[in-house]
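Notes follow the structure.
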Amino acid sequence: MRRNLTAAVLTGVLAVTALAGCGDSGGDDAGSSDNGDGKITLGFSQVGAESGWRTANTKSIQESATAAGIDLKFFDAQGKQENQITAIRNFITQKVDVIAFSPVVTSGWDPVLKEAKDAGIPVILTDRAVDSTDTSLYQTFIGSDFVEEGKKAGDWLVKEYEGKTDPVNVVELQGTTGSAPAIDRQKGFADAIAANPNIKIVKSQTGDFKRADGKTVMEQFLQSTPDIDVLYAHNDDMGLGAIEAIEAAGKVPGKDIKIITVDAVKDGMTALAAGKINFIVECSPLLGPQLMELAKKADAGETLEKRVLTVETTFTQEQAKTELPNRKY
Ligand code: AHR
């Protein structure tokens with residue numbers, strides 16, 4: 001399915017140049033998918049670099065492409081949907097063999113996905129879902145079950161307070177507004193605690209999956225809400241930022257305020273092992289090897305399973321101490 005380029009090469013060069021300002025992080029930006037070596041060309045549009053998880057995810061994709069002999073055109077959208085749409089349009093113009101992307105938010109993708117479909121280029125969703133009802137617009141979606149992650153976080157909390165009837169005040173740091181992990185982690189958690197009327201989410205606000213924002217929002221929570229028992233942060237980075245705010249307020253993270261996060265990156269696991277976080281739900285960023293396998297199959301015209309789930313676990317403080325030396329990201 002390698003495609004020959006002629007005029008599209010020039011168009012592609014112009015399009016890629018236009019996009020350079022929105023974060024080309026080092027992929028092949030020559031503007032042509034046909035480099036004459038018969039390799040599959042994969043255009044990948046990344047969300048950004050908002051968290052340790054994202055950095056590990058980018059590394060996994062770049063290293064796996066090299067290992068698989070795939071020519072990767074990588075673009076960092078810097079957290080903006082419009083940049084991702086522009087990148088995907090450029091990939092179409094360049095006639096790449098396969099397009100993959102991790103959508104910043106769930107909605108608004110149908111027009112550009114239709115353009116890819118009309119151009120005959122298979123699309124693979126990685127990490128995050130879209131809300132398109134026409135599932136023929138993409139070949140497969142590889143990534144975590146975010147609702148399940150939120151449920152695991154809520155189940156741990158319910159167990160932690162089992163048999164107690166005193167009020168448990170929870171503050172929630174949400175991920176990027178409108179993103180699949182923020183929507184689903186909120187839902188899974190809310191469902192899990194629903195049968196326990198004493199456990200209440202008293203404040204919930206986005207920290208955009210960023211450490212600095214997690215700190216700022218937690219400072220506001222601490223000022224407005226004196227009796228916080230638990231923090232549920234949709235990722236480690238926001239939890240780590242919040243820990244700084246909690247310590248600055250003279251409280252002990254992990255004791256005065258229990259903390260649950262999602263991801264299990266090295267920094268998060270270090271804080272968990274040190275007793276500053278109480279429980280982490282794993283979300284694996286190591287999607288690269290599977291993505292390359294799927295890209296090869298899609299390029300060969302094979303029908304892919306519509307959903308490829310990532311296998312994940314959870315960590316307590318004791319488990320983090322054992323796992324930490326092996327943690328690669
Ligand atoms: O989509 C996965 C989420 O995005 C990670 O949990 C978070 O850290 C990242 O920014």
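The values are calculated or read from the model by the stated rules, or taken from the named source; none is laboratory data. Everything numeric in this text was worked out from a predicted model, so none of it was measured. In this analysis, Cβ positions are derived from the backbone assuming ideal geometry, glycine residues included, and neighbour counts consider all displayed protein chains. SASA here: full protein model, heavy atoms, side chains in, ligands and nucleic acids out. Shrake-Rupley method; radii C 1.70, N 1.55, O 1.52, S 1.80 Å.
Descriptive notes on the structure:
- Filter result (more than 16 Å from the ligand (Cβ to nearest atom) and in a loop (DSSP other than H, G, I, E, B)) within region 165-183: Thr165, Asp166, Pro167
- In the set (1) assigned to a helix (DSSP H, G or I); (2) among the aliphatic types (A, V, I, L, M); (3) closer than 15 Å to Gly143 by Cα, Ala271 fails one condition alone, (3).
- Taking residues in region 52-63 that are within 9 Å of the ligand (Cβ to nearest atom), and partners anywhere that are part of a helix (DSSP H, G or I), the pairs with Cβ atoms closer than 7 Å and at least 6 places apart or on different chains are Gly52/Asp236; Gly52/Asp237; Gly52/Asp267.
- For region 64-93, a residue qualifies if it is free of Cβ contacts under 8 Å to residues at least 12 places away in the same chain and either crowded, with 20+ Cβ neighbours inside 10 Å or among the acidic types (Asp, Glu) (or both), and exactly one does: Glu82.
- Restricting attention to region 244-263, the residues being under 18 Å from Glu50 (Cβ atoms) and assigned to a helix (DSSP H, G or I) number 1.
- Test: residue in region 18-25 that is open to solvent by 40 Å² or more (accessible area, probe 1.4 Å) and modelled with pLDDT of 50 or more: no
- Within region 166-183, tally of residues that are open to solvent by 30 Å² or more (accessible area, probe 1.4 Å), over 21 Å from the mean Cα position of the chain (by Cα) and not acidic (Asp, Glu): 2
- Within region 104-129, the set of residues being open to solvent by 10 Å² or more (accessible area, probe 1.4 Å) and within 13 Å of the ligand (Cβ to nearest atom) comprises Val105, Thr106, Ala129.
- Contacts under 9 angstrom Cβ, first residue in region 115-134 being in contact (Cβ under 8 Å) with a residue 40 or more places away in the chain, partner surrounded by 22 or more Cβ atoms within 10 Å (Cβ to Cβ) and among the acidic types (Asp, Glu), 6 or more apart: Pro122/Asp97; Ala129/Asp184
- The condition of being over 23 Å from Ile99 (Cβ atoms), open to solvent by less than 50 Å² (accessible area, probe 1.4 Å) and either touching a Lys or Arg at 6+ places or on another chain (Cβ under 7 Å) or within 16 Å of the ligand (Cβ to nearest atom) (or both) holds for only one of Asp267, Asp236, that being Asp236.
- Test for Gln186: is it assigned to a strand (DSSP E or B) and open to solvent by 60 Å² or more (accessible area, probe 1.4 Å): no
- Given (1) closer than 19 Å to Lys159 by Cβ; (2) within 14 Å of the ligand (Cβ to nearest atom); (3) not hydroxyl-bearing (Ser, Thr, Tyr), number of the condition Ile259 does not satisfy: (2)
- Flag if Thr314 is open to solvent by 20 Å² or more (accessible area, probe 1.4 Å), touching a Gly at 6+ places or on another chain (Cβ under 9 Å) and within 23 Å of Ser60 (Cβ to Cβ): no
- Residue in region 273-285 that is open to solvent by 70 Å² or more (accessible area, probe 1.4 Å) and within 16 Å of the ligand (Cβ to nearest atom) present: no
One line per residue, one yes/no per condition, for (1) under 20 Å from the mean Cα position of the chain (by Cα); (2) part of a loop (DSSP other than H, G, I, E, B); (3) within 16 Å of the ligand (Cβ to nearest atom); (4) of a type in the set (A, V, I, L, M):
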{"residue": "Gln205", "(1), (2), (3), (4)": "yes, no, no, no"}
{"residue": "Asp213", "(1), (2), (3), (4)": "yes, no, yes, no"}
{"residue": "Val217", "(1), (2), (3), (4)": "no, no, yes, yes"}
{"residue": "Gln220", "(1), (2), (3), (4)": "no, no, no, no"}
{"residue": "Asp227", "(1), (2), (3), (4)": "no, yes, no, no"}
{"residue": "Leu240", "(1), (2), (3), (4)": "yes, no, yes, yes"}
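- Residue satisfying all of: in region 130-164; within 16 Å of the ligand (Cβ to nearest atom), part of a loop (DSSP other than H, G, I, E, B) and not hydrophobic (A, V, I, L, M, F, W, C); most open to solvent (accessible area, probe 1.4 Å) among these: Asp131
- Cross-chain or 6+ apart pairs with Cβ under 9 Å, region 305-323 first and closer than 17 Å to Asp267 by Cα and aliphatic (A, V, I, L, M), then open to solvent by 60 Å² or more (accessible area, probe 1.4 Å) and outside any strand (DSSP E or B): Ala320/Thr270; Ala320/Ala274
- Taking (1) free of Cβ contacts under 8 Å to residues at least 60 places away in the same chain; (2) over 22 Å from Gln317 (Cβ atoms) in turn, Met218 satisfies each apart from (2).
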